[in-house]
Amino acid sequence: MTRGTRISGPLIDQARDTFSSLKVRNYRLYFIGQGISLSGTFMQVIGQSWLVLQITHSGTALGLVIALQYLPLLVLAPFGGVVADRFHKRKILYITQTCSGILALLLAVLVVTGAVKLWMIFVLAGLLGCVNSMDNPTRQSFIHELAGHDELKNAVSLNSTEVNLTRVIGPAIAAVVIATLGIGWCFFLNAASFAAVLVCLLLMRGSEFERVEPLARAKGQLREGLRYVWTTPVLRDVLIMMAIIGTLTYEFGVSLPLLAKFTFHGNASYLAWLTCAMGAGAVVGGLIAASRKSTAPRGLLWAAFAFGIMMLVVAAAPRFSVAVIAMALVGVFSIMFYALGNTVLQLESSQTMRGRVMSLWTVAFLGSTFIGGPVIGWIGGHASPRWAVAVGGLAAFCAGALGLIAMRNYPSREVPEGTVLSPPVASEEDARIP
């Protein structure tokens, strides 16, 4: 046997292990549909942000649009989780994906006909948030039914990597489309991308789904979950850290368009560069997070501090090229914080409480945008975009300091040898994260 043959064998085996969940037909269809749809979603993220700035030249208005899109998640996401547990998930996704496509198509028509007004964007953003409050919990829990228990970790890891790759692909395509065809075509293409999801859902075999027992009806389940989290220190402290960072640091949908347009005086391609750099860094950070064996809560502190430092570097960047490089590092540390925080919560939660605990994580991460979006937009519009980014960096520092105080007596926790941690399931609503 030649040396090349000896090397290729382990590499082939590793590749098979890395992509093992794709051998499951239903998950493979889901993966294909999501790759197309998420690329369209990130195209719309760029297009919508640029459209609002063209109409208003206001960071506050941009923040309000983002806030309206996430307000329903703050209010309705817990109920969306109940719906996902009580009904057939594929049927729910047929409805939510169709509605999302219709909303994107409507926005596209309004833009290309010149009829679009700011209030229309507000309304459509709010409606999309309502759809996402049902779609997001359903998609999060659908992965288990598709891939099965044995392939769940691999499926989650591949899903997270795919999201971050589409975060690079989508904005890159959007920059070309906006420059050549106009903003409206970003929304047309996003609307078309939902057809791919619907086709893939239709092709799935219902007989191959992993059977999951539905949630039994009972009173006081939400209140019970809140009490459990508040009386479990590590859960409470991690959620508080995410609430702080989720409110002020993860507002990239507001801060990056302002930075690109008003600080560096660029066009949509500048925003695409910043977003792509963050997404590329997040792919690296996700792989690092997936390979780590330690899940000690203290690791969350250092991720928060590094996240904050890189945000401050972006805020102070003297040139656009420096900001792009720094955004790649922001992507690395932000996804490490996100993945480790999610993993700690899942490991520290009891099995009967895990769903309710993770719904509070969703509220802390996504629902907090309703507050943070307008705040960061106002700072960016009235002070400067650099200050909007800097406030996010300082918030990450504050969260890290709070965790350092709260977690100083926490024991170290190690995952058994051979276990590989996977980043959390990501979805279209996670356009905030790199």
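Numbers at a glance
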item	result
Cβ-defined net charge surrounding Phe264, 14 Å radius [Lys, Arg +1; Asp, Glu -1]	+3
Order of Tyr228, Tyr70 - criterion: other Cβ atoms within 10 Å of each residue's Cβ, fewest first	Tyr228, Tyr70
Cα-Cα separations in segment 45-96 greater than 17 Å, expressed as whole percent	54 percent
Length gained when the stretch Ser20-Ile102 is fully extended (0.36 nm per residue, less Cα-Cα span)	26.1 nm
Dipole in debye (nearest 20) - segment 22-210, about Cα centre, beta carbon charges: Lys, Arg +1; Asp, Glu -1	160 debye
Other-chain or far-sequence residues with amide H under 5 Å of Glu210's (modelled H)	Leu146, Gly148
Residues Phe79, Phe264, sorted so that the one with the fewest Cβ neighbours within 10 Å comes first	Phe79, Phe264
Per-residue ³J(HN,Hα) for segment 228-239, Karplus 6.51 cos²θ - 1.76 cosθ + 1.60, θ = phi - 60°, Hz, x for Gly and Pro	4, 5, 5, 8, 10, x, 5, 5, 4, 5, 5, 5
For segment 22-210: relative contact order, % (alpha-carbon pairs under 8 angstrom, 6 or more apart)	46 percent
Ascending count of other beta-carbon atoms within 10 Å, so fewest first, for Cys186, Cys200	Cys200, Cys186
Radius ratio Rg over Rh of segment 22-210, counting only Cα atoms, Kirkwood formula for Rh	0.99
HN-Hα J in Hz across segment 196-202 - Karplus 6.51, -1.76, 1.60, θ = phi - 60°, x for Gly and Pro	4, 5, 4, 5, 5, 4, 5
Net charge of neighbours whose Cβ lies under 13 Å from the Cβ of Thr231, counting Lys and Arg as +1 and Asp and Glu as -1	0
Length gained when the stretch Thr180-Asp150 is fully extended (0.36 nm per residue, less Cα-Cα span)	6.2 nm
Calculated from backbone phi, Karplus (6.51, -1.76, 1.60) coupling profile of segment 93-102 in Hz, x at Gly/Pro	5, 4, 6, 5, 5, 5, 4, 4, x, 5
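Any read-out appearing in this document is the output of simple, stated calculations on the displayed coordinates, not a laboratory observation. Every value quoted in this text rests on a predicted model; they were computed, and no experiment measured them. Note: ideal-geometry Cβ built from the backbone for every residue, glycine included; neighbour counts use all protein chains shown.
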